[in-house]
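**Q** Structure provided below as structure tokens; questions to follow.
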Amino acid sequence: MTDKQEELRKLPSVDRLMQHPDVAVRLETDGREAVLDAIRTTLEKMRAEISAGSPYPGDAELVQRIQARLASTMRPTLRPVINATGVILHTNLGRAPLSEETLQAMRRVGLGYSNLEFDLEAGHRGSRYVHAESLLCRLSGAEAALLVNNNAGAVLLVLSALARGREVIISRGQLVEIGGGFRIPEVMAQSGATLVEVGTTNRTYVSDYAAAITERTVALMRVHSSNFRVIGFTHQPSLAEMVQLARERGLWLFDDLGSGCLMDTQRFGLAHEPTVQESIAQGADVVTFSGDKLLGGPQAGIIVGKAELIERLRRHPLTRALRVDKTTIAGIQANLLHYVRGEALTKIPIWRMIAMPVEEITARARALLEALGPSGARCELIPGRSMIGGGSLPEESLPTTLIALPEGDATSLAAALRLGEPPIVAHIQDGRVVLDLRTVLPEEEQALIGRLRELL
Ligand SMILES: *Cc1c(COP(=O)(O)O)cnc(C)c1O
């Protein structure tokens, strides 16, 4: 008998492993199937290692590997992370964190039944599309509103329902790719509307739109250049000029705003971000935006505008395909109520972050370094910039104070921060890992300190 066979004989049976106290406890929490699967997979791997020449590492090691396997298979792949990048609307990190009230509303509706599509007064079937409408109309000044799954869906729906087989005129400077493969020309093609490009990359005049109008034209479209900025010798007509031309020629005007800002961004030293109210006040007939960008709520696509057009959207089959979930409607309503009550800056996390003065960030950073003790003394506070991100306010940033971690192998340190629990995502700047507390929620600070203590 060879050594390998002798080693293989040492492997315990599945039954014996099931009875091991450290494995048996997992039967209660993870269920028999998952435990059995972890045992079989781990045994199989170990058998292969032994056949390749390794000695049997012992029962303790085997049980530990089974536990690790269980932990990794039972752990949801989507889990919370700490965003220390200072990018407020980080699309890869889930865009807007939600307010307590928003989550409570989502929880209440999610835990039980609701009047999602039930008219309580009449006692019969109602429509899910009525729910956030009055709030959206009140805040935007629009006649009607409709919620769908996300803004990409909203744009596709508007073009499919209102412009299929017709021409829509758009400036060459606005044929944008938002990211994640959302390109305006491709969405146009998908909707069956014909894209008519006018002007040049940097300059488009209202006369360019006027010259391109034919009997097949149905609308003029403006797209917010969400994630880039053209500077220098540039011109785009104002929305008011475009509305005037559309009115004169019997067309409607579609404004894809993207970020869906309801607040004045200039009071925070940022550039002016076009707001939904302005767009409606200037006469846009249909305006689309996201629920989870500068609105600061759950993912959704929001369409506001003229009642007659919104009614046509409601009846289109795509609306059913893009329909919004009950918990989302509850969250959007609760988030909109923060604006109605005038408490957006204190209650909506992204607005709290935008409004947070640099002095407050500095104070939080100092307190964090103190809590770290001696390893805190090896860190440094340096001035930096927090980005708005998420396809809004391109290139706009806010002053911040960064915590620069001690010098060393920054790539390895950043990876170690990402791979622990909770994962921490941070930038590397000038060869050092830097943390921006603007995007770290106060309730996450203890966990951040704990991880830094381990690593530094
Ligand atoms: C972000 C954005 C979209 C896509 O919105 P999602 O909610 O991500 O689907 C479409 N248009 C503009 C102008 C945007 O900024």
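**Q** Among the residues of the range 224-238, is any hydrophobic (A, V, I, L, M, F, W, C) and outside any loop (DSSP other than H, G, I, E, B)? Spell out how you get there, then give the answer.
**A** Step one: list which residues in the range 224-238 are hydrophobic (A, V, I, L, M, F, W, C), which gives 228, 230-231, 233.
Retained after the next criterion (residues that are outside any loop (DSSP other than H, G, I, E, B)): none.
No, every residue in the range 224-238 fails to be hydrophobic (A, V, I, L, M, F, W, C) and outside any loop (DSSP other than H, G, I, E, B).
**Q** Then there is this: What's the total number of residues in the range 70-99 that are touching a residue at least 24 places away in the same chain (Cβ under 8 Å), over 15 Å from the mean Cα position of the chain (by Cα) and surrounded by fewer than 18 Cβ atoms within 10 Å (Cβ to Cβ)?
**A** The number of residues fulfilling the criteria is 2.
**Q** Residues that are buried (at least 23 other Cβ atoms within 10 Å of the Cβ), within 16 Å of the ligand (Cβ to nearest atom) and assigned to a strand (DSSP E or B): does the range 275-285 have at least one?
**A** The answer is no; no qualifying residue exists.
**Q** How about the range 202-243: which of its residues are over 18 Å from residue 163 (Cβ atoms), at pLDDT 95 or above and within 16 Å of the ligand (Cβ to nearest atom)?
**A** If the condition is that a residue be over 18 Å from residue 163 (Cβ atoms), at pLDDT 95 or above and within 16 Å of the ligand (Cβ to nearest atom), then 239 is the only one that fits.
**Q** Can you name the residue in the range 248-268 that is among the charged types (D, E, K, R) and not in a strand (DSSP E or B) and is also nearest to the ligand (Cβ to nearest atom) among such residues?
**A** Residue satisfying both the conditions and the ranking: 264.
**Q** Right, next: For the range 365-405, name all the residues that are surrounded by 17 or more Cβ atoms within 10 Å (Cβ to Cβ), closer than 29 Å to residue 259 by Cα, out of contact with any strand residue (DSSP E or B) (no Cβ under 6 Å at 6 or more places or on another chain) and not small (Gly, Ala, Ser).
**A** Residues satisfying the conditions are 393, 394.
**Q** Right, something else. Quick test of your reading of the structure: residue 151 fulfils all but one of (1) within 13 Å of the ligand (Cβ to nearest atom); (2) in contact with a helix residue (DSSP H, G or I) (Cβ under 8 Å, 6 or more places away or on another chain). Name the failing condition by number.
**A** Just one mismatch for residue 151, condition (2).
**Q** Moving on. Restricting attention to the range 177-201, which residues are surrounded by 15 or more Cβ atoms within 10 Å (Cβ to Cβ), part of a loop (DSSP other than H, G, I, E, B) and within 16 Å of the ligand (Cβ to nearest atom)?
**A** Scanning the range 177-201 gives 178, 182, 193.
**Q** Given (1) over 19 Å from residue 140 (Cβ atoms); (2) under 27 Å from the mean Cα position of the chain (by Cα); (3) of a type outside the set (Lys, Arg); (4) not in a loop (DSSP other than H, G, I, E, B), identify the lone condition not met by residue 271.
**A** (4)
**Q** Any residue at all in the range 219-228 that is in contact with a helix residue (DSSP H, G or I) (Cβ under 7 Å, 6 or more places away or on another chain) and over 19 Å from residue 271 (Cβ atoms)?
**A** Yes, that holds for at least one residue.
Residues checked against (1) within 16 Å of the ligand (Cβ to nearest atom); (2) surrounded by 14 or more Cβ atoms within 10 Å (Cβ to Cβ); (3) aliphatic (A, V, I, L, M); (4) at pLDDT below 95:
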residue	(1), (2), (3), (4)
128	no, yes, no, yes
131	no, yes, no, yes
137	no, yes, no, no
142	no, yes, yes, no
158	yes, yes, yes, no
161	no, yes, yes, no
165	no, no, no, no
169	no, yes, yes, no
175	yes, yes, yes, yes
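**Q** Between residues in the range 144-167 that are without any contact (Cβ under 8 Å) to a residue 12 or more places away in the chain and residues that are more than 10 Å from the ligand (Cβ to nearest atom) and not in a helix (DSSP H, G or I), which pairs lie under 6 Å by C-beta distance while being six or more apart or on different chains?
**A** Correct list of pairs: empty, since none qualify.
**Q** When you check residue 327 against the structure, is it touching a residue at least 60 places away in the same chain (Cβ under 8 Å) and surrounded by 22 or more Cβ atoms within 10 Å (Cβ to Cβ), yes or no?
**A** So residue 327 does not fit the description; no.
**Q** Hey, another quick one. Give the residue that is nearest to residue 32 (Cα to Cα), with candidates limited to residues of the range 42-69 that are in contact (Cβ under 8 Å) with a residue 40 or more places away in the chain and not polar (S, T, N, Q).
**A** Going through the qualifying residues, I end up with 66.
**Q** Just to be sure, is residue 330 part of a loop (DSSP other than H, G, I, E, B), more than 11 Å from the ligand (Cβ to nearest atom) and either outside the structural domain of residue 175 (by TED's automatic domain parsing) or of a type in the set (Gly, Ala, Ser) (or both)?
**A** No; evaluated as a whole, the condition is false for this residue.
**Q** Next question, about the same structure. Please verify whether the range 86-98 includes one or more residues that are of a type in the set (S, T, N, Q) and away from the ligand (no atom under 16 Å from the Cβ).
**A** Within the range 86-98 (the criterion being of a type in the set (S, T, N, Q) and away from the ligand (no atom under 16 Å from the Cβ)), the answer is no, since none of the residues qualifies.
**Q** Does any residue in the range 250-264 that is in the same structural domain as residue 299 (by TED's automatic domain parsing) come within less than 6 Å, Cβ to Cβ, of a residue that is among the polar types (S, T, N, Q) and within 11 Å of the ligand (Cβ to nearest atom) six or more places away or on a different chain, and which pairs are these?
**A** From residues that are in the same structural domain as residue 299 (by TED's automatic domain parsing), the pairs are 256/288; 258/226; 259/392; 260/290.
**Q** Still on this model: Just a yes or no: is a residue in the range 65-76 closer than 30 Å to residue 296 by Cβ and either in contact with a Ser or Thr (Cβ under 6 Å, 6 or more places away or on another chain) or at pLDDT below 95 (or both)?
**A** yes
**Q** Give the number of residues within the range 299-324 that are surrounded by fewer than 24 Cβ atoms within 10 Å (Cβ to Cβ) and in a loop (DSSP other than H, G, I, E, B).
**A** 6
The values are calculated or read from the model by the stated rules, or taken from the named source; none is laboratory data. Source: prediction; values computed, not measured. Cβ coordinates were reconstructed from backbone atoms using ideal geometry, including for glycine residues, and neighbour counts include every protein chain displayed.
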